Amino acid sequence: MSGGILEALAGNLGPWGWWILGLVLLVAELAAPGVFLIWIGMAAIVVGALSLAFWTGEWWTWQVQLLVFGLLSIVFAIGGRRIYAGSSSHTDEPLLNKRSESLIGRTAVLAEPIAEGRGRIRLDDTWWPIIGPDLPQGARVRVVEAHGRDLKVAEAP
């Protein structure tokens, strides 16, 4: 039964059915980006182009088209994943958007004491919540770790 529906659909739309499917998938990728539907949409467009070339061939049945579409979808998805995995460029400033991590190693003088393991320090123009050993006001501390917005400090020599 489903073969009859697919065969009728392929016969009525011709090669353009693949183009329509491809464009619908590309639009769906724009609406819900996930970098996955783009590869399936491209596979449908390629099958549409192949259908324009081979439509009159007796061997270019809907089953062959569906098989080519499935294979191309897999190949394009794997290829796209490799392209995106290899495109992570190395930067000369790896901590640019990781502000709290960029503070590791910095030292500061406590303007307020650390009590019960919590306190605040001022680095540049920002007050940062800190975690560390209880220390009095005026003690020198060094940032050793960053946990989200909290900085872990240790007494600096």
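Between Arg149, Arg118, which is surrounded by fewer than 13 Cβ atoms within 10 Å (Cβ to Cβ), farther than 18 Å from Ser102 by Cβ, of a type outside the set (Val, Ile, Thr) and within 37 Å of the chain's Cα centre (by Cα)? Quick ask: steps written out before the conclusion?
Working: Arg149 fails: farther than 18 Å from Ser102 by Cβ.
That would be Arg118, the only listed residue that is surrounded by fewer than 13 Cβ atoms within 10 Å (Cβ to Cβ), farther than 18 Å from Ser102 by Cβ, of a type outside the set (Val, Ile, Thr) and within 37 Å of the chain's Cα centre (by Cα).
Could you identify the single residue in Ala28, Ala8 that is out of contact with any His (no Cβ under 7 Å at 6 or more places or on another chain), part of a helix (DSSP H, G or I) and either modelled with pLDDT under 80 or surrounded by 18 or more Cβ atoms within 10 Å (Cβ to Cβ) (or both)?
None of the other options fit; the residue is Ala8.
Among the listed residues Val35, Val68, Val47, Val109, which satisfies the condition of being closer than 30 Å to Ala146 by Cβ, touching a helix residue (DSSP H, G or I) at 6+ places or on another chain (Cβ under 7 Å) and either among the β-branched types (Val, Ile, Thr) or modelled with pLDDT of 90 or more (or both)? Walk me through how you get there before you give the answer.
Working: Val68 fails: closer than 30 Å to Ala146 by Cβ; Val47 fails: closer than 30 Å to Ala146 by Cβ; Val109 fails: touching a helix residue (DSSP H, G or I) at 6+ places or on another chain (Cβ under 7 Å).
Within the list Val35, Val68, Val47, Val109, the selection yields Val35.
Which residue pairs have Cβ atoms under 7 Å apart, sit 6 or more places apart or on different chains, and have a first residue in segment 55-75 that is among the aliphatic types (A, V, I, L, M) and a second that is outside any loop (DSSP other than H, G, I, E, B)?
Cβ pairs passing all conditions: Val68/Val47; Val68/Leu50; Leu72/Ala43; Leu72/Val46; Leu72/Val47.
Of the residues Gly14, Gly22, Gly41, which is closer than 25 Å to Trp60 by Cα and either modelled with pLDDT under 85 or surrounded by fewer than 18 Cβ atoms within 10 Å (Cβ to Cβ) (or both)? Working first, answer last.
On the way: Gly22 fails: either modelled with pLDDT under 85 or surrounded by fewer than 18 Cβ atoms within 10 Å (Cβ to Cβ) (or both); Gly41 fails: either modelled with pLDDT under 85 or surrounded by fewer than 18 Cβ atoms within 10 Å (Cβ to Cβ) (or both).
Exactly one of Gly14, Gly22, Gly41 is closer than 25 Å to Trp60 by Cα and either modelled with pLDDT under 85 or surrounded by fewer than 18 Cβ atoms within 10 Å (Cβ to Cβ) (or both), namely Gly14.
The values are calculated or read from the model by the stated rules, or taken from the named source; none is laboratory data. The structure displayed is predicted, hence computed values, not measured ones. FYI the Cβ positions are ideal-geometry reconstructions off the backbone, even for glycines, and counts take in every protein chain you see.
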